[in-house]
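Taken together, the values in this text are just the output of simple stated rules run on the coordinates, not laboratory data. Not measured: the values here are computed from a predicted model. FYI the Cβ positions are ideal-geometry reconstructions off the backbone, even for glycines, and counts take in every protein chain you see.
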Amino acid sequence: MAQAPSPQAPGIKGWIEYRLPIFSFIDHSLGSKYPTPRNLNYWWNFGSIAGICLLMQILTGLFLAMHYTAQSGLAFDSVESIMRNVNYGWLLRYAHAVGASMFFVVVYIHIVRGLYFGSYKSPRELLWWFGLVIFLLMMATAFMGYVLPWGQMSFWGATVITNLFSAIPGVGQSIVHLLWGGFSVDNPTLNRFYALHFLLPFVIVGVVIFHIWALHQHGSNNPLGIDVKTPQDTIPFHPYYTVKDCVGFGVFFIVFSWFVFFAPNSLGDPDNYIPANPMVTPPHIVPEWYFLPFYAILRSMPDIGIPFTSIVFVSSKLAGVIGMFGSILIFFFLPWIDRSNVRSATFRPVFKIMFWVFLLNGFVLGYVGSQPPAGSMLIIGRIALAYYFLHFAILYYISGREKTLPLPESISKAVLESHDHHH
């Protein structure tokens, strides 16, 4: 028996929808049919702001790529030419450079919010993992992008970071030569980095799709960290949160524009306006600000061996590399390190204190990373480094024993009670 055709809605929209149900898909994933917890605050804006940042980076990068020359003898001059000779080239370049910093600010806040409200806990572990993969891809993309202007910091930053791989026993040197495309940082290195810098943002887009897909499977977490129990606990994403997101975009673009038009170079290093010179090493090689905490971890690691003897099992260089990658990889295990059944720090007094200490420690590491590694800075760096990893051990111990505050019965009840309380 032939199947009766389903009715087609009138108009162009109905015609398209019947053949490709794109409008109903948008409505179910970002519109009035997508239920979201009714108590989300402005900390929940940063996911969508990060999406806008990614889009801006891809668009500005695309237009910059049309005028950039990936050749060691011409790269620096081609960037200067973009600034001076291309119509609005200065705007493209500053929007792209400032955009990278803003992207990291937004993503760091997004991650910190996830840590505070326990957004990594079951059933959102894969969502958390996809987020961390995006973060790692962003770091790789940003590092390669920083090399492209071929200034002093570009060149020496690339030399220092690629050299880290030589610490890997056995295969290290081969990996370094593969990255360089030769025996020093030179034209082949620049070409490799340019190709990868162009490709990786599209890989990020792919992972972002999985990130959003995983988010929509169980919905957003919320400030109370409790599950949605009744239909009264949710409101449609559109118009309630699309409006809230637009407010967030407005504030973001005000800050972004201020940096682009009034302080475009404040987040960069002045040494990068000096053309790359393999013969002159800058007195103090520092990466971009968003890498500083990890750079501090890298430099603070001591030799690992038997104290007061000359026996060393792991050189400080290899220990630094392990520490730096370990400091990010440990977050993949966070859903199992933190054993508490309560998500939000609001109801976890001990965890809340630990969270703020850990965050402060991150800022300390960032400052240490910006200073030369000598004297008191080395000592502070080592203390901060030790605490960084100790935090996770303490968390594992505390989370199984912590006395938590009573959770509200439901989101709607908590919202209505706070509403009555304020009036």
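Values as computed for the structure displayed
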read-out: Cα gyration tensor of the chain - equivalent ellipsoid semi-axes, whole Å, descending; value: 40, 32, 20
read-out: Loop-located chymotrypsin sites (Phe, Trp or Tyr not before Pro) in the range 275-311 whose Cβ has at most 10 other Cβ within 10 Å (DSSP); value: PHE308
read-out: Under 20 Å from LYS403, Cα to Cα: lysines that are on another chain or at least 8 residues apart; value: LYS121, LYS352
read-out: Cβ-Cβ FRET estimate between THR242 and TRP90, R0 fixed at 41 Å, reported to 0.05; value: 0.80
read-out: Span-rule helices in the chain, defined as complete DSSP H runs reaching 27 Å or more along the axis (Cα) with Kyte mean at least 1.6; value: 46-65, 125-147
read-out: The range 1-63: C-alpha gyration tensor shape, a/c 1.5 cut-off, then a/b vs b/c; value: oblate
read-out: Selection from LEU378, TYR146, HIS177 lying farthest towards where the dipole of the chain points positive, charges on Cβ; value: LEU378
read-out: Taking the range 38-418 and dividing mean pair separation by its residue count, relative contact order in percent (alpha carbons under 8 Å, at least six apart); value: 22
read-out: Long-range amide H partners of ILE235 with built H, under 5 Å; value: THR36, ARG38
read-out: Length released on extending from PHE363 to ILE394, taking residue separation times 0.36 nm less the Cα-Cα span; value: 9.2 nm
read-out: Three-way shape call for the range 105-201 based on the alpha-carbon gyration tensor, with the a/c threshold at 1.5; value: prolate
read-out: Full-extension gain in nm, ASP227 to VAL112, via 0.36 nm per residue minus C-alpha separation; value: 39.4 nm
read-out: Relative contact order (%) - criterion: Cα under 8 Å, at least six apart; region: the range 37-165; value: 27
read-out: Projected label distance in nm at VAL203 and GLN173, using a 7 Å step from Cα toward the beta-carbon; value: 2.7
read-out: Rough spin-label spacing in nm, given labels placed 7 Å along Cα→Cβ, for VAL255 and LEU136; value: 2.7
read-out: Förster radius 60 Å - calculated FRET efficiency between TRP43 and ILE304, Cβ distance, rounded to 0.05; value: 0.95
